[in-house]
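Engineer: Here it is: the structure, laid out below.
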Amino acid sequence: MKIKKNSFLALSFMILTLSSCGSKKNLLSESSFTSLFNGENLDGWEGNKESYKVENGLIIIDPNGGGSGGNLYTAKEYSDYVFTFEFQLTPGANNGIGIHMAPNDHAAYDAMELQILDDTAEKYAELEVYQYHGSVYGVIPAKRGSLKPVGEWNQQTVTVKGSKITIVLNGTTIVDGDYKEAGKNGTLDHKDHPGLNKNKGHIGFLGHGDVVRFKNIRIKELNTEI
């Protein structure tokens, strides 16, 4: 089909304009995130800075650093947000993300713990469904099968809005639920979870004495309009 020169120029201009707008939108979206880790030290973080160390631009847990990993958490508290990070597991590794934490909380109950776990390890073959990677511990089980092989980097995004939580692992949604609704008639582990009533707190890494590495840790706070 023959296209007139003027029509072709108009179409080309339109494509370039749309492409430019899309690029600007992506750039603005990226710029709305704040980095929580500067790649050099643990400024902006509190808690166990003996087990959690910075090496080669990564936060790494040294199981020989004391406290069996312990907790490292943001100095600032957050309510509604999009939290994104990358992590690298070692064989059999176990860690977690604490949300709405207070410094001395048992995150799995007094706050909420999102599992970080090597699901493929033989020692974890018979866990409860709410204990595998990405699950809101004891409350909401995550879909399995989206972790990359141990040693490769995974990318995870956690969106918390009110009592709704969405977790996307390597591009696949593994949790999409309401934690208050999920625990309204009793939790899956049949234990008390007072942390389900919280709507604000620190975000933390919850060590269990295993080597796990983290990088590209960022957050975008959400307002009530979103």
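Here, each number is a calculation from the coordinates, and none is a lab measurement. Please read all numbers here as calculations on a predicted model, not as lab measurements. Reconstructed Cβ throughout: ideal geometry from the backbone, glycine too, with neighbour counts over all protein chains shown.
Engineer: Go through Lys123/Lys164; Lys143/Lys191; Lys76/Lys143; Lys76/Lys148; Lys53/Lys164; Lys191/Lys220 and tell me which ones have a Cα-Cα distance over 28 Å in this structure.
Structural biologist: Lys123/Lys164; Lys76/Lys143; Lys76/Lys148; Lys53/Lys164; Lys191/Lys220
Engineer: Arranged by the count of other C-beta atoms within 10 angstrom, fewest first, what order do Val160, Val136, Val129, Val54 take?
Structural biologist: Ranking Val160, Val136, Val129, Val54 by Cβ neighbours within 10 Å, fewest first, gives Val129, Val54, Val160, Val136.
Engineer: Note down the net charge around Thr90, summing +1 for each Lys or Arg and -1 for each Asp or Glu among other residues with Cβ under 10 Å from its Cβ.
Structural biologist: Cβ neighbours under 10 Å give a net charge of -1.
Engineer: Over segment 147-186, one equal point on each Cα, no solvent: what is log10 I(q)/I(0) by the Debye formula at q = 0.17, 0.20, 0.22, 0.34 Å⁻¹?
Structural biologist: Listed by q, the Debye log ratios stand at -0.53, -0.64, -0.71, -1.08.
Engineer: Nearest 20 debye, what's the magnitude of the dipole of segment 36-221 about its Cα centre given +1 on Lys and Arg Cβ and -1 on Asp and Glu Cβ?
Structural biologist: 460 debye
Engineer: Also, quick follow-up: May I ask you to derive the FRET efficiency for Lys191 and Thr90 from their Cβ-Cβ distance with R0 = 25 Å, giving the value to the nearest 0.05?
Structural biologist: The formula returns an efficiency of 0.30 here.
Engineer: Leaving out same-chain residues fewer than 8 places away, which aspartates and glutamates sit with a Cα under 12 Å from that of Lys161?
Structural biologist: Excluding near neighbours in sequence, the set is Asp80, Asp176, Asp178, Glu221, Glu225.
Engineer: Oh, and also: Please name whichever of Ala142, Gly177, Asn154 sits farthest to the positive end of the charge dipole of segment 106-190, dipole taken about the Cα centre and charges placed at Cβ: Lys and Arg +1, Asp and Glu -1.
Structural biologist: Result: Gly177, furthest along the dipole toward the positive end.
Engineer: Here is a follow-up. Give me, ordered by chain and number, the residues 5 or more places off Gly209 or on other chains with an amide H under 5 Å from its own placed amide H.
Structural biologist: Gly69, Gly70
Engineer: Sorted from fewest to most neighbouring beta carbons within 10 Å, what does the list Val150, Val158 look like?
Structural biologist: By the 10 Å Cβ count, ascending: Val150, Val158.
Engineer: Hey, fewest Cβ within 10 Å first, where do Tyr78, Tyr137, Tyr124 land in order?
Structural biologist: Tyr124, Tyr78, Tyr137
Engineer: Which distance in Å, rounded to a whole number, links the C-alpha centroids of segment 38-57 and segment 101-145?
Structural biologist: 23 Å
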